[in-house]
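Asks: Okay, here's the structure, questions in a sec.
The values are calculated or read from the model by the stated rules, or taken from the named source; none is laboratory data. What you see is a predicted model; the values in this text were computed from it and never measured. Glycine gets a Cβ as well: all are built from the backbone with ideal geometry, and neighbour counts include every protein chain shown. For accessibility, only protein heavy atoms count, side chains too; no ligands or nucleic acids. Shrake-Rupley method; radii C 1.70, N 1.55, O 1.52, S 1.80 Å.
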Amino acid sequence: MKLETRLEALLVLSDGTTFEGEAIGAPTSISSGEVVFNTVLSGYQEVITDPSYAGQIITFTYPHIGNYGATPLDDESRRPFCRGVIVRDFNDRPSSWRANESLDAFFVRHGVAGITGVDTRRLTRHIREAGAMPGAFGTASEAELLAAAKSEPGTDGIDLVATVTCSEPYVVGSGPYRVVAYDYGIKATMLRHLGELATVEVVPASTPASEVLARKPDGVFLSNGPGDPTAVAGATDNIGRLLGEVPVFGICLGHQLLG
């Protein structure tokens, strides 16, 4: 199979640090977002489809990404919400009996752009020392990418939960307990495991506490999600009204909101 020639691309951080690479996934001249890193050795599709990465560009520290392709069985949400993906060595010829498509085809289908050939070790060390920062990548000029990176607002003060939460309630599982789960960006794996213990009704992030209590749950679960906990509209007020009325437990963003 003949592989297509990749276009040259650049990654430029808001502080002017530049990395060379090649474009993968959906064609783009500029993709911008907050650049972060993830250290998983496997499970790249679960990371890419985790709504917690909304507004962010994911750097994978593990060098080989795409080896086993993609399958709907590994999706954590209805689509990727991240702004892009940065890798060292991208494999667009997967080898796995589970694969329905290559990761590159998955990117194109969902409109996700990426860049490969990047010195992710150098990038990770830079982010680790300087902190997560805005960046932009693509086939545009270095000057255009720098301007895009500097104009990127990041994730502070933005209610990203509103962009990933469900629009209507739905039920998962058939366990003996009744749990209401606030969807701040919940992952399918969490619901699968929780559904073994309880009948879980997932509700939108803006659902009033009174409506949750009216369901008479045995507990309320506050899910993971993206962005700044102080920017999630109405969340802390609703949680405050639940405390003392029903057991409440949370993870990731939900734990931060509970705190």
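Asks: Within region 52-62, identify whether any single residue is in a helix (DSSP H, G or I) and buried (at least 20 other Cβ atoms within 10 Å of the Cβ), and answer yes or no.
Replies: Yes: one or more hits.
Asks: Let me ask you something else. So, in region 75-126, of the ones that are small (Gly, Ala, Ser) and open to solvent by 50 Å² or more (accessible area, probe 1.4 Å), which residue ends up nearest to the chain's Cα centre (by Cα)?
Replies: Ranking the candidates gives 111 first.
Asks: Do you know which of the residues in region 10-37 that are assigned to a strand (DSSP E or B) and within 23 Å of residue 93 (Cα to Cα) is most open to solvent (accessible area, probe 1.4 Å)?
Replies: 20
Asks: Find the helices (runs of 4 or more DSSP H) located wholly in region 127-222 whose residues include 1 or more that are in contact (Cβ under 8 Å) with a residue 12 or more places away in the chain, more than 30 Å from residue 19 (Cβ to Cβ) and open to solvent by 10 Å² or more (accessible area, probe 1.4 Å), and list them.
Replies: Once the helices (runs of 4 or more DSSP H) in region 127-222 are filtered for at least 1 residues that are in contact (Cβ under 8 Å) with a residue 12 or more places away in the chain, more than 30 Å from residue 19 (Cβ to Cβ) and open to solvent by 10 Å² or more (accessible area, probe 1.4 Å), what remains is 161-164, 188-194, 209-214.
Asks: Related question: Would you tally the residues in region 249-259 being on the phi < 0 side of the Ramachandran plot and either surrounded by 19 or more Cβ atoms within 10 Å (Cβ to Cβ) or in a helix (DSSP H, G or I) (or both)?
Replies: 7
Asks: Still on this structure, I have one more. Has region 232-243 got any residue that is assigned to a strand (DSSP E or B), within 20 Å of residue 76 (Cβ to Cβ) and touching a Phe, Trp or Tyr at 6+ places or on another chain (Cβ under 8 Å)?
Replies: Checked region 232-243: no residue is assigned to a strand (DSSP E or B), within 20 Å of residue 76 (Cβ to Cβ) and touching a Phe, Trp or Tyr at 6+ places or on another chain (Cβ under 8 Å).
Asks: Right, here's the next one. Residue by residue through region 187-220, note down the ones that are closer than 15 Å to residue 177 by Cβ and charged (D, E, K, R).
Replies: Passing the criteria: 196, 201, 215, 216, 218.
Asks: For residue 108, are the conditions met, namely being among the hydrophobic types (A, V, I, L, M, F, W, C), within 21 Å of residue 82 (Cα to Cα), in a loop (DSSP other than H, G, I, E, B) and in contact with a strand residue (DSSP E or B) (Cβ under 7 Å, 6 or more places away or on another chain)?
Replies: no
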